[in-house]
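Single-structure report; data block below.
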C-alpha cells in the first residue's frame, strides 16, 4: 500500500495553506519565477501544473470558470495564464515548471528553491 503520499501539510491549517498556494501561483504567473522553501515550491508546482493543463483548452467560458475556481483572487493573472503562458505548452505533455535548488537559508537553514516556467 502507498501510505503517506498525499500533499504536504506545511504546518498550517487547510484554508491558510490554500490561500498561500493560490497567492504563490499568482506570483509565479505574474513574475515568471518564485523563490521559497523547497516544500512550498513542490506544492505550488503541483497546483501550477494543474492550472496550466486546464488553461491549455483555450479561452472559453468553461475554462475561465474552472481556472477562476482555483484562483479566485486576480482576474489579470487568469487572463495572462490563459492567453500567454498556456499556449506555449499546447504540444507539451506535462512538466511546465522546473525547480532549481538554491542552497540553505542562513537564518534557519531551510532549503531554498526557485520555481520557474520551462
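Some notes on this structure:
- Helix-derived mean residue ellipticity, 222 nm - over the chain, DSSP H n ≥ 4, -39500 (n - 2.57), to 500: -14000 deg cm²/dmol
- C-alpha center-to-center spacing [the stretch 1-58, the stretch 63-90] in angstrom: 15
- Sorted on the mean count of surrounding Cβ atoms within 10 Å across their residues, most packed first, peptides 92-104, 1-13, 41-53, 23-35 read 41-53, 23-35, 92-104, 1-13.
- For the residues 21, 54, 81, a GNM of the chain with alpha-carbon springs under 10 Å puts the largest fluctuation on 54.
- Computing Cα extents along the principal axes in Å for the structure here picks out one of (1) 45, 35, 23; (2) 70, 41, 19; (3) 45, 33, 27, namely (3).
- For the pair residue 62 and residue 80, label points projected 7 Å from Cα toward Cβ lie 2.8 nm apart.
Values quoted throughout were computed directly from the atomic coordinates according to the rules given, and no laboratory measurement underlies them. If you're wondering where the values come from, they're calculated on a predicted model, not measured in any experiment. Positions of Cβ are generated from backbone atoms using ideal geometry, with glycine treated the same way; all protein chains shown enter the neighbour counts.
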